[in-house]
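**Student:** Before anything else, here's the structure in question.
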Amino acid sequence: MKLIVKNGRVIDPASGRDEVADVLIKNGLVVRIGTDLRATGAIAFDAAGLVVAPGFIDMHAHLREPGYEHSETIETGARAAAAGGFTSICCMPNTAPVNDDATVTRYILDRARAAIVNIFPIGAITKGSAGEQLAAIGSMKAAGAVAISDDGKPVMNSRVMRRAMEFAHVFDIPVIDHCEDLNLSADGDMHEGFTSVKLGLRGIPAASEDVMVARNILLAELTGARFHAAHISSRRSLEMVARAKSRNIPVTCEATPHHMALADSDIVPYDSNYKMKPPLRSVTDRSALIDGIAAGVVDAIATDHAPHPGSEKMQEFERCPFGVLGFETALGIALEALVHSGRITLPRMIELFTTGPARILKLNRGRLEPGSPGDVTIFDPELVWTYDVNRSFSKSRNSPFHGRTFRGGPVATVVNGAVVWTRERSI
Ligand SMILES: [Zn+2]
Ligand SMILES: [Zn+2]
C-alpha cells in the first residue's frame, strides 16, 4: 500500500525540515520526502496550502475501557483522537479493573488492535491506584506500558512514591503524577479565589498542586527517577519545574489546551462542563502557563481527554465528576493561544505535540523522515471552523468549547500509512 501526500508544507521539528515537499509512505513507513515524487499505484492526497507534520501524540487521555464503556470505548476514543489530528494516544489506567498488571495491559493492547490510531497504555503506580502497594511495574512495562501513573488520584504517601520512583528508575519508565494534595483540596470543586467565593463553591487552592510538585521534584532528585508532572496549571509549580530543570533534575511537564484557553473567571456559573482537575486557575496562572510554554519549561501538550456521559455531567456542579473532552479541540486551541497570538512558532507548537511527548515516553514516533512510521497530521492553520460537540466522535458530550469558532484545525490524519480521517468526509 502506497500513499503520497503532495505539495504540503512539511514541518519536522526533529530534523529542522520546513519546506514544501511530497511525502511518500509505503507499507506503513515513510520512504521518501522530496519534490516531484512519483509513485505508480499510490493513493495521492493533495496537501497544497496545508501543513504536513509528524503524527501528533497525546500522552494523557482517558479511554474508559474496560469498565466504563458508557462514557467511551477504545474504538470511539480513537475516532475522536483521529478527528483531532492525533495518531497516537496514551490511555490512563483508571479503568475498571485498573490497569495495574500485565493482564489488563495486554487486554487493552488487544482491544487497541481494532482502533484507528496507535494506543499506548499507561500502567498504574499502585495496586488499584489505591496508593498503598506498588503495582506490577516491571511486568506491565514488558507487556507494553510506556509510563506509570495513578492519574485521577495522587500518590499521597511519600514513602510509597519514593519506592515507586526507585522501581521506575530501575525499569527506566517515567512516573507521571497527578499532583494534588487531597487534604488541601478538601473536596473542593473549583480553583480557590475570587470566583469561587462569588459563586459560593468550595475552592481548591493552587498550593494543593504546588506541594506535590515540590515533593515529587525532591523525590526525583533523591531516586534519579524521571518524574513527569501531569496537567501543570499553577504559576508556582511552573517556577519549580523550571528551577529543577536548570539543576538537571529529570523533571518534565505537560500543559492541557483547556488550561491555556480558560481561567476560573471564564466559568459559566454552575456549568459542569467547566469542572475539571486541576481546576481552571486564575488569569495569572493561565498567563504563567503560556509563558512557561514560550520559555520551554513545558515539554508537551496533552489533552487529558476525560469523557463523562450526560447523565453524570447533568448534575449539580458539586456532585458531577471532574473532566472535559479534549481531542477534537486541542489543535484549534493551541494554534489560537500559542501561535496566532505570536507566543511560539508553528514548528515549536508541532514539537509540543510530537517530539516532546515521544522523548518523555521514549516512543519511536513523532518524526517525519525516511524510515519513520507513516503517521502524519495534516492541518490548516487558517481554517475557520466551529466545534459542534453533538457531532463529536466521542461517546460523551462534556466540553466547554461547544459552539466555539476556531482559526486552524486538522484536515486529515494518517496512521501507519492509511488515511483514517479527513475533514471533508466527516462534516
Ligand atoms: Zn489528573
Ligand atoms: Zn487525567
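The values are calculated or read from the model by the stated rules, or taken from the named source; none is laboratory data. Since the model is a prediction, treat every value here as computed from it, not as a measurement. Don't worry about glycine lacking a Cβ; one is built from the backbone with ideal geometry, like all the others, and counts go over all protein chains shown. Just so you know, the surface numbers come from the protein's heavy atoms only, side chains and all, with ligands and any DNA or RNA stripped out. Shrake-Rupley method; radii C 1.70, N 1.55, O 1.52, S 1.80 Å.
**Student:** What number goes with the only condition from (1) over 22 Å from Thr377 (Cβ atoms); (2) in a loop (DSSP other than H, G, I, E, B); (3) open to solvent by less than 10 Å² (accessible area, probe 1.4 Å) that Gly292 does not pass?
**Tutor:** For Gly292, the failing item is (2).
**Student:** Looking at the stretch 75-98 only, could you name the residues that are among the hydrophobic types (A, V, I, L, M, F, W, C), away from ligand 1 (no atom under 16 Å from the Cβ) and in contact (Cβ under 8 Å) with a residue 60 or more places away in the chain?
**Tutor:** Matches in the stretch 75-98: Ala80, Ala81, Ala82, Ala83, Phe86.
**Student:** Another question about this same structure. Taking only the stretch 299-326 into account, find how many residues are within 16 Å of ligand 1 (Cβ to nearest atom) and under 15 Å from the mean Cα position of the chain (by Cα).
**Tutor:** 12
**Student:** Looking at Thr284, Thr256, which one is modelled with pLDDT of 95 or more, within 16 Å of ligand 2 (Cβ to nearest atom) and among the hydroxyl-bearing types (Ser, Thr, Tyr)?
**Tutor:** The conditions single out Thr256.
**Student:** Do we have Ile333 as among the β-branched types (Val, Ile, Thr), in a helix (DSSP H, G or I), in contact with an Asp or Glu (Cβ under 7 Å, 6 or more places away or on another chain) and open to solvent by less than 20 Å² (accessible area, probe 1.4 Å) here?
**Tutor:** So Ile333 fails the test.
**Student:** For the subset of the stretch 119-142 comprising residues that are under 20 Å from Glu69 (Cα atoms) and open to solvent by 20 Å² or more (accessible area, probe 1.4 Å), which member is nearest to the chain's Cα centre (by Cα)?
**Tutor:** Selected residue: Phe120.
**Student:** Let me ask you something else. Would you mind finding the one in Asn248, Asn216, Asn183 that is open to solvent by less than 10 Å² (accessible area, probe 1.4 Å) and within 27 Å of Gly123 (Cα to Cα)?
**Tutor:** Among Asn248, Asn216, Asn183, only Asn216 is open to solvent by less than 10 Å² (accessible area, probe 1.4 Å) and within 27 Å of Gly123 (Cα to Cα).
**Student:** Kindly provide the set of residues from the stretch 368-394 that are in contact with a helix residue (DSSP H, G or I) (Cβ under 9 Å, 6 or more places away or on another chain), surrounded by fewer than 22 Cβ atoms within 10 Å (Cβ to Cβ) and in a loop (DSSP other than H, G, I, E, B), ordered by number.
**Tutor:** Once the filter is applied, which keeps residues that are in contact with a helix residue (DSSP H, G or I) (Cβ under 9 Å, 6 or more places away or on another chain), surrounded by fewer than 22 Cβ atoms within 10 Å (Cβ to Cβ) and in a loop (DSSP other than H, G, I, E, B), the stretch 368-394 yields Tyr387, Phe393.
**Student:** If we keep just the residues of the stretch 262-281 that are surrounded by fewer than 20 Cβ atoms within 10 Å (Cβ to Cβ) and part of a helix (DSSP H, G or I), which is farthest from ligand 2 (Cβ to nearest atom)?
**Tutor:** Ser265
**Student:** Here is a check on your reading of the model: is Thr256 open to solvent by less than 10 Å² (accessible area, probe 1.4 Å) and either of a type outside the set (A, V, I, L, M, F, W, C) or without any contact (Cβ under 8 Å) to a residue 24 or more places away in the chain (or both)?
**Tutor:** Yes.
**Student:** A follow-up question, please. Among the numbered conditions (1) buried (at least 24 other Cβ atoms within 10 Å of the Cβ); (2) within 15 Å of ligand 2 (Cβ to nearest atom), tell me where Val98 comes up short.
**Tutor:** Unmet condition: (1).
**Student:** I'm trying to understand the selection: among the residues of the stretch 39-80, which are within 21 Å of Ala412 (Cα to Cα) and in a loop (DSSP other than H, G, I, E, B)?
**Tutor:** Ala39, Gly41, Ala42, Ala47, Ala48, Gly49, Leu50, Gly55 - these are the residues of the stretch 39-80 that are within 21 Å of Ala412 (Cα to Cα) and in a loop (DSSP other than H, G, I, E, B).
**Student:** Now, a different point. Scan the stretch 179-233 for residues that are assigned to a helix (DSSP H, G or I), within 16 Å of ligand 1 (Cβ to nearest atom) and within 20 Å of Arg319 (Cα to Cα) and report the count.
**Tutor:** Of the residues in the stretch 179-233, 3 are assigned to a helix (DSSP H, G or I), within 16 Å of ligand 1 (Cβ to nearest atom) and within 20 Å of Arg319 (Cα to Cα).
**Student:** With the condition kept exactly as written, say whether any residue in the stretch 65-74 is free of Cβ contacts under 8 Å to residues at least 40 places away in the same chain, within 16 Å of ligand 2 (Cβ to nearest atom) and surrounded by fewer than 21 Cβ atoms within 10 Å (Cβ to Cβ).
**Tutor:** Within the stretch 65-74, one or more residues are free of Cβ contacts under 8 Å to residues at least 40 places away in the same chain, within 16 Å of ligand 2 (Cβ to nearest atom) and surrounded by fewer than 21 Cβ atoms within 10 Å (Cβ to Cβ).
**Student:** Something else about it: Within the stretch 135-149, is even one residue within 16 Å of ligand 1 (Cβ to nearest atom) and either at pLDDT below 95 or not polar (S, T, N, Q) (or both)?
**Tutor:** yes
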